[in-house]
Each structure stands twice: as structure tokens, then as C-alpha cells.
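Q: My structure is below; once you've seen it, I'll send some questions.
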2 protein chains.
Amino acid sequence: MINETMYGLGSKSSVIRELFAYGLERKKVVGEDKVYDFSLGNPSIPAPHEVKDALLKLLEEPAEVLHSYSPASGDPKAKQMLAESVNRRFETHFSGDNFYMTVGAAASLNISIHAITNPGDEFITFAPFFPEYTVWVENAGAKLLITPADTESFQIDFEAFEKLLSPKTKGIIINSPNNPSGVVYSEDTIIKLSKVLCKKEKEYGHTIYLIADEPYREIVYDGLNVPYIPKYYNDTFVCYSYSKSLSLPGERIGYIIVPDEMADSKRVMAAVNGAGRALGFVCAPVLFQKAVAMCADVPSDIEAYARNKDLLYNGLTRLGYDCVRPQGAFYLFVKSPEKSGDAGEFSERAKKHDVLVVPSDSFGCPGYVRISYCVAEKTILDSLPVFKAIMEELKAEN
Amino acid sequence: MINETMYGLGSKSSVIRELFAYGLERKKVVGEDKVYDFSLGNPSIPAPHEVKDALLKLLEEPAEVLHSYSPASGDPKAKQMLAESVNRRFETHFSGDNFYMTVGAAASLNISIHAITNPGDEFITFAPFFPEYTVWVENAGAKLLITPADTESFQIDFEAFEKLLSPKTKGIIINSPNNPSGVVYSEDTIIKLSKVLCKKEKEYGHTIYLIADEPYREIVYDGLNVPYIPKYYNDTFVCYSYSKSLSLPGERIGYIIVPDEMADSKRVMAAVNGAGRALGFVCAPVLFQKAVAMCADVPSDIEAYARNKDLLYNGLTRLGYDCVRPQGAFYLFVKSPEKSGDAGEFSERAKKHDVLVVPSDSFGCPGYVRISYCVAEKTILDSLPVFKAIMEELKAEN
């Protein structure tokens, strides 16, 4: 009688949420500092002080103006400020009219996908990938195909990718810096991807949209360059969120950029507005629309993440763990050291030592665990002897 | 290539938005105080000071805790506080577990509808009604049937309603206090509705859900009682928003209540969680989840609306306009005084006098105009001589 698909989505917790809930219970038994919970991607660094300053300043404005509806696409002044910031940082030429403010990255992706999807359409993404993509694509009536991971470089396996392309292909979803691998797509990868898509657009005679899901854009290490996708490929939706860059995951604030260079960009932007309306979004929360606009140039405070990354990456590799070299985001992707190579088996073993790591199967790339290092430094330091004990246990068995 | 339904929804402005946009342009020409804009339902009363107090207090908390993700269904403490406030005011017995926090009423309705809808289902609502209901019901794959208005009382025409009920009926949507009529459904109406639905549930052998869209619950005049629907009918979703009651329309914060008494309530609540997930909501904005919980018992400041209502209702009826007696919300529903009885014709005539009122056709009840009196008192006072001139013009013509 009710919708069983929705029931299924609501009744099954994700592996990540289950591990996190287990951790909370376990902490009550053995103590807060005896459980090493690396399950969630919830920023441990507080929002920069500029966010609080902006909120306090905004709260001085008359409440009936401050909290009133913005246009569905967002506050015009906030959108203009964000456009100027993006232009300054990435040498682009957007205006506020290219922006559509959203309730975070999940909304950005959902709205973009709904705007362009017709029944029978297919999207393609690249393993390892964020498992909610499947939920959103299927809810829009399309199908998500997965390009298997290139486990050498965690860039794109173009041979495998090209096999999935077909006249049904409506869009491609990429996520760089990547959750869960921590890898950033190189400029070479983006140029190659762009070339393949341009060729296929001509071959099929229709647009192929590239949806760039980039909440981790600002969280990169060692001054690495993250190519700004619309500069390489015109038919790009930029789906952004301030959840990670400004540590505001619970406030649900982000945006979509539809560049003028996109084919039929005015019609696409109208469809984006229509999708937001159909999905019930009305407008993004206005206080935070204005606050993030005032903080558009505030750099992410990633030093603590960089410290955590180095501690954990160096610590684990010294102990003999095989880790993908992290370049961005706040995840370490570690090969299962089990004889079987199984990720679930290793996650279970670690769990017995009160170390909570997420098996990679749901990310479409079996044989790894994701370790979220957006945690207190002490958790990492205290966990290393436990990771050592786990490795010794494994060696004794084999 | 893109989704034409979404394009259609995004490219056509609503009549309301068009009038509002016209008003902004017109004000530039003739002056701010020479345009009497009654088009929008945007609260003119500022949020009560308790909201700012709550926000300032919350901003003292550590940012990494304050702005972090809440569970998908909402912050457990905020939900419990809201449940206790509802219980105090309406003698109910909810716990926080009956609540699912949302990004406002549009999200509340959309998520509730998606949770229960299967292809081929039908929903029924009552004219006059909020036109977005059609968008949301159709986006969930169902059909919305409209019960014609009872233009005597603006309660429910049960004879017409019962003709629309069928085994396909999945749910009923009611909105009381009503936008646009300003009428509140009496206890008699709710009891009668509940009896009809209970009878039909037995006859059809399945649940019929009653979706109570009630953002105007607190905005009622003369101490009128607004029956609390779940006390009369078990299978009720309460869809609430703080947009009007706390004047926070742009912040997008509200909730859904799924009572324990609803059939299969645990499964329904899981489907609500699933629908929120599928639609990309993740969680409601956390700062405002916590702020509205702290203001759960703060009464709406409706004195200014009551003053506006009396001024406008008394003024217009004295001039010979035929108005529906307003009991709640902040709308006056006025019969078109045109000889033809046409709403659009009167709206156009008024527009020539720089009075902006919304023709009722899109609310499914032709022959009326909606006048939003959530405006400055001065706008109402200054508009009365213009309404007088319009009436004299009409009389001279006939």
C-alpha cells in the first residue's frame, strides 16, 4: 500500500550509518576513547570564525527582510558574490544568473539529474563512487552504470568507460577529489574525458552532460591543482556544497552552476528551476545563502586534516598496510590485508578491536576499507598501536 | 532532450509571481507608495525576538557540534521539544520519534506523498486550493482530483467529495486555515470528513491517508478553535512549517508528524525517511531545527494581521465588495464585482489602478480574487480610496 521502494530506502541503514551507530553504543560500554571510529565523513574542524561573524552581522538586519523568501534560484546578491568569487579563483566568467542555490550537494545532484532525465536515459559514474548516486538516478527514472575502478591510479579506466557509452547516455557523474579514494583527477584525465565526450556528442547527435560533484574541491593537499571542469567541457553542471569546505554539513547549503557555454543553457536553467519546484525545495535557506556569500573567499582550514592524513598514511604504510596515496578529501582508501582480500572480513576484524572502518563494497570497488580521518588527532595517534596489533594478528594467522 | 515537464514548470511563472514582478517594476515608475501590492503571502511581521535570542544563544556553541549533520529525521532533542510543545497545546501524546524534520511545508507534503504513492493512485483536495499540490502529486506519479468549492460556507461539499472517492484514492489533502479563502474547517466538518474516510477505508479495505497541510494553524482570529486533525482521524500526516507562524519563510523549516495510531505507522515512518533520502533532503537545516525547538511555545504575533484584516474586510464590505468572512491565515477572498463575474477581468481592472490582487482561477475556484493582507497597514489604508474608485468605475459602467 505504501511505496515499497521508499520503505526499502528508509528501513535499510547504510553500512556507514550502522557502523557509526554501533560505535556510539560501544563507546558507552568501553569508554569514548577506546573506540576508534573512522566511519563518518562529518568534518571535525569547526566552521571558520568568519561564518559566525557573518551570521552575527546578518542577525542585525530587520528579521522580516533577513528571513523572507528568496527567489527560487536564490538571493540575487548572494549569487553574484559567489559568481565573482569563483571567477577570481578559477578565471571563469560567470554571473549570478548562472547560479542556482540549493539545500546542499544531494539537492544539487538531484535537481540537476531531474532537470535532464527522460525515461530510458542512462548515467555513467566511476568506481569507487558515493552509493547515493544510484538512489538519485533511479528516483529520476534513469539507470546508473558503473565504470570499474582503475586500481592502479584511481584515475579513469577509459577502455572500460567507453564500453558503457551509448546513445542512451544522458550524463556522466564525476567526484574529484574523490570520496572514498581521496584521489584527484589529473588535468590529463579531464582533458581525455572531455575529448571522449565531445566525440560521442557528435557521434550520437545529442548533448552528454558532465555532472561534477565537488564538495571536496577546496580540501586538497600539497597545493595540488584541481582542474575546474567547465573550462575543459562546456556541458558541465558544477554541483557544489559548503558542507565540507566551510564545515557546515547540517545547514544544507550549496549551489548548481549552469554555464552559458552549455548547449541550450537557458532552457537547462529553466528545467533546473522546474526540478527544484517539483521536488519541493522552494528556495535554499536564506540566512546561509547570505552567510556563505560573505565567506566565499574564506579558505578551508585544512591544516588539521593534512596533519591527520600524514600521521595516518605514514603510520599505516609503515605498519605494512597498502594505502592509496591521498591527495584530497579526508579519506584514506586502504587495501584489505586479509588473505582473502575481502573488505567486509577486514572491517569485521577491525571492529573486534574497536576500530571502525567502512568496507568498500558499497562504493563499487571491493577489497578496500575507507578510513575517514576527519577525527580528533588523538583518535589517530591512539589507533596506531591497535592497527599494529591487527596487522600482527593477521601475520600470525598466515 | 532535457525533461520537458521540468522545463515547463521552470519556465512558466505563477500568476502570483508575475503580478509581484510587475509590481516591483511599476513601483520604479510611479513610486513605492503608489502601488498596492496584495499578491504575495510573504509575512510582513518580523520573526518574534525569541528567534534571534535563540540563534544568538546557539551561536555560542562549538561550531563543529552546532553545524554538524543531524540524523536524517532530525535532531532527537529538537524533535522531543517539539513533541512536548504539541502535546501541551493540543493534548496529544506524541514523542520525538513521531516527528520527521523537513525543509518547510513543500518538503513535508512532497515527502509524505512520495512515501505512500504507487502508480495509478489518486489524491483528492478541496477547492480553493494551493496550486502546487498538483505539481507535487503528479511528480510522485499520482493524480490530483479537485472537489469543487462550497461557495456558501467554504467548508466541504461532501456530496461532491464522495463522488470522487474510489478504490484508487490513496490520500486526501486539506489546508485549514485555508489559503486562499481564509476559512477554518469547523469541528463538524472534520468529524464528518473523518467518518466518511473511516467508512471508505472499510469499504475499500485499505488505508486512506489524510494529509493536513497546516502552516497557518497558529494564525487565527477571535480565539477560534482549529481542530487538531490526528485527534479525529488516525491516518493523518501533519505537515507543518514555521514559515508563517514564526515568519521564517526563507529558512525552510518544518516537520511531518506520523502518529503511532496511523495504520502501519512504523513502516510509514520508514517510507518517509526513504522518500526524504530519495528526494535528496539529507536533513533539515540544523541551526533552525534547534532554534524553532527553543521557540516551540512562542505565540505567533498576529495582532498586526488582525488589525489589517479588520481594516480591509470592514473597508471593502462597506464599499460593496462581497468578501468571504476571514477566520485565519492572512488572505481575503473577494468575489469579483465584474458584471461577468470573471476574476481575471477584475484583477486586470484593479491592476490599471495599481492594485495587485490574484485571480482565483489557479486555486480551482473561479470568480474571486485573493488579497494578501500581510502588508504594511499604510498600504491598506491608502488602498481603500482606490478600491472605492474602482467600485465607482464599475457602477458607472453598469
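Quick note: the coordinates plus some simple rules give every number you see, no bench work behind them. Bear in mind the structure is a predicted one, so any value in this text is a computation, not a measurement. Note that we place each Cβ from the backbone using ideal geometry, even for glycine, and neighbour counts take in every protein chain shown.
Q: In nm, to one decimal, how far is the modelled label at residue A:162 from the one at residue B:394, with both set 7 Å along Cα→Cβ?
A: Result: 7.2 nm between the two label points.
Q: Assuming 0.36 nm per residue, please report the length gained on full extension of the stretch residue A:60 to residue A:84 beyond their Cα-Cα distance.
A: Values: separation 24, 0.36 × 24 = 8.64 nm, distance 2.49 nm.
Extra length available between residue A:60 and residue A:84 comes to 6.1 nm.
Q: For residue A:13 and residue A:225, FRET efficiency with R0 = 35 Å and r from the beta-carbon atoms, rounded to 0.05?
A: Working: r = 38 Å, r/R0 = 1.07.
It comes to 0.40.
Q: Only counting other Cβ atoms within 10 Å, I'd like A:191, A:45 sorted with the fewest neighbours first. List each step's numbers first, then the result.
A: Details: A:191 13, A:45 20.
By the 10 Å Cβ count, ascending: A:191, A:45.
Q: Hey, another quick one. Given the C-alpha centroids of the range B:295-347 and the range A:123-176, what is the distance between them in whole angstrom?
A: Distance between centres, Cα-based: 54 Å.
Q: While we're looking at this one, here's another question. Could you pull out the pairs from A:309/A:351; A:77/A:202; B:170/B:231 whose alpha carbons sit more than 30 Å apart here? Could you put the intermediate results ahead of the total?
A: Working: A:309/A:351 21 Å; A:77/A:202 38 Å; B:170/B:231 20 Å.
Beyond 30 Å between Cα atoms: A:77/A:202.
Q: Over the range B:49-294, what lengths in whole Å, largest first, do the semi-axes of the equivalent ellipsoid take, defined as the square roots of 5 times the eigenvalues of the alpha-carbon gyration tensor?
A: Working: eigenvalues 184, 81, 51 Å².
Working from the Cα gyration tensor, I get semi-axes of 30, 20, 16 Å.
Q: Take residue B:153 and residue B:93, extend 7 Å from each Cα along the Cα→Cβ direction, and tell me the distance between the two endpoints in nm.
A: About 3.2 nm separates the two model spin labels.
Q: Whose amide H sits under 5 Å from the amide H of residue B:68, counting only residues 5 or more places off or on another chain, with H placed in the peptide plane?
A: Placed amide hydrogens put A:250 under 5 Å from residue B:68.
Q: What Rg and what Dmax come out for the protein assembly as shown when only alpha-carbon atoms are used, in angstroms?
A: 27.6, 102
Q: Using +1 at the Cβ of each Lys and Arg and -1 at the Cβ of each Asp and Glu in chain B, identify which of B:72, B:302, B:142 lies farthest towards the dipole's positive end.
A: B:142
Q: Here is a follow-up. Can you sort B:353, A:49 from fewest to most other Cβ atoms within 10 Å of each residue's own Cβ?
A: Numbers: B:353 15, A:49 12.
Arranged by neighbour count, lowest to highest, B:353, A:49 become A:49, B:353.
Q: If you average the alpha carbon positions of the range B:218-272 and of the range A:97-118, how far apart do those two centres end up, in angstrom?
A: With the range B:218-272 and the range A:97-118 each reduced to a Cα centre, they are spaced 28 Å.
Q: So if we plug the beta-carbon distance of residue B:30 and residue A:260 into 1/(1 + (r/R0)^6) with R0 = 56 Å, what FRET efficiency do we get, rounded to 0.05? All intermediate terms of the calculation are to be shown ahead of the outcome.
A: Working: r = 35 Å, r/R0 = 0.62.
The calculated FRET efficiency here is 0.95.
Q: So who's got an amide H within less than 5 Å of the one on residue B:173, skipping anything under 5 residues away but keeping other chains? H placed 1.01 Å off N, in plane.
A: Residues meeting the criterion, in which the H sits 1.01 Å from N, are B:124, B:125, B:211.
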